[in-house]
Amino acid sequence: MKTIERYVFGSFLSSFLLAFLVLSFVLTIGLLVQIVDLVMDGVPMPVVGEFCLVALPETLQWSMPLALLVSSILVFSRLSADSEIAAMRACGVNLLSVVRWPVLFAVLCSVLGFWVNNEIVPRGHEVRRTLKSKVSVQAGLSVLEPGRVIDDFPHVKLYFGGKEGNWLHDLVVLDYSNPKFDRLITADKALVTQDGADISLELYRMTVDPMDENHRTMARANRFVYTMTNVIKTATYKRRTKDYRFGEMRERIRTFERETSEKEGKDVGRAEKIQRDFARRELSEHRVELNKRLVFAMASVCFVLIGIPLGLRSQRKESTIGMAISLAVSLGYYVVVILMLSCEKQYWMRPDILIWLPVAACFALSVKLMRRHL
């Protein structure tokens with residue numbers, strides 16, 4: 001690497017790291033709020049840790065391309081404004097050799113983004129959707145926190161003032177499982193245990209009002225066992241398109257392709273036509289999802305290729321102009337992708353192909369702009 005190339009790439013890399021840290025912090029604020037809410041709700045730390053491991057890397061698919069775009073525009077606009085690009089040309093330095101290392105670094109980031117989008121992000125979607133069932137099964141009694149009304153269980157609301165291990169103090173239970181009447185149960189203390197999907201409360205010095213359907217009066221007892229049956233359930237979870245990784249996605253696409261090709265050109269009945277149309281829609285949805293991940297990964301290369309010539313065009317106030325250009329480019333890129341995602345089931349439009357329009361536009365525009373500076 002020559003001295004000039006090392007100087008330009010060093011400036012580019014330092015700007016990228018700073019922009020990446022700032023953007024990552026901004027993008028993870030909402031995620032940190034979710035993590036704090038999970039901890040405050042008593043979710044076990046292993047479940048929270050699993051959520052963090054798959055959720056935090058998801059920000060890479062947004063922060064890394066945007067940081068590359070910002071750094072490429074700011075660095076090359078500064079070089080252009082300080083007449084360093086003009087000096088390089090006067091010395092016979094080829095501009096392509098100067099931009100080579102930032103582009104190669106962007107290619108490396110695209111490879112990393114491809115892995116994140118196809119392995120980490122699908123896992124994050126699946127973990128978030130199964131989090132509620134994991135909390136119900138793994139957390140069990142740990143979701144019981146003092147000082148707040150607990151309505152996580154069906155047909156029952158709980159409140160208690162203190163907790164020591166499995167002992168609850170100053171317990172109040174509102175039981176509305178019977179549609180004909182509601183029961184209010186109070187106890188000085190209660191021993192709570194879990195048996196499968198049931199939670200049992202061994203109440204001491206308790207009152208219940210009313211006692212049951214036939215006795216609508218208040219009753220008292222020194223000890224009484226109250227059982228909430230089948231309140232902790234393992235939620236059934238059906239995987240969605242976003243939850244499949246690259247290999248699984250390719251296999252499902254091949255399956256839907258076989259289903260649609262077998263019925264093409266045949267005189268089939270109404271039921272078969274509905275099945276074929278469903279397979280086409282599912283095939284289009286999977287194709288769009290797979291291509292979306294590739295387009296998101298290609299954003300790193302596209303943003304650098306478009307950011308370098310746009311930065312060279314800026315002569316003064318490169319920070320303000322660079323930020324404005326970065327916002328416009330990234331917004332246009334992702335708007336087209338989101339628009340195609342909204343049409344993912346309209347297979348006749350071929351949204352899986354149209355989703356590559358921003359990539360093609362970035363390459364065409366970068367070639368056109370770079371030719372003016374060579």
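Check whether at least one residue in the range 352-372 is out of contact with any strand residue (DSSP E or B) (no Cβ under 8 Å at 6 or more places or on another chain), surrounded by fewer than 13 Cβ atoms within 10 Å (Cβ to Cβ) and not in a helix (DSSP H, G or I), and report yes or no. Yes - at least one qualifying residue is present in the range 352-372. Note on the range 189-218: residues that are at pLDDT 80 or above, of a type outside the set (D, E, K, R) and closer than 23 Å to W167 by Cβ amount to 11. A search for C-beta distances below 8 Å between a residue of the range 199-221 that is in a loop (DSSP other than H, G, I, E, B) and any residue that is of a type in the set (S, T, Y), counting only pairs 6+ apart in sequence or on different chains, returns P210/T217; M211/T217; M218/T207. Within the range 338-351, the set of residues being part of a helix (DSSP H, G or I) and surrounded by fewer than 20 Cβ atoms within 10 Å (Cβ to Cβ) comprises I338, L339, L341, S342, W348, M349.
The values are calculated or read from the model by the stated rules, or taken from the named source; none is laboratory data. For clarity, every value in this text was computed on a predicted model and none was experimentally measured. Glycine gets a Cβ as well: all are built from the backbone with ideal geometry, and neighbour counts include every protein chain shown.
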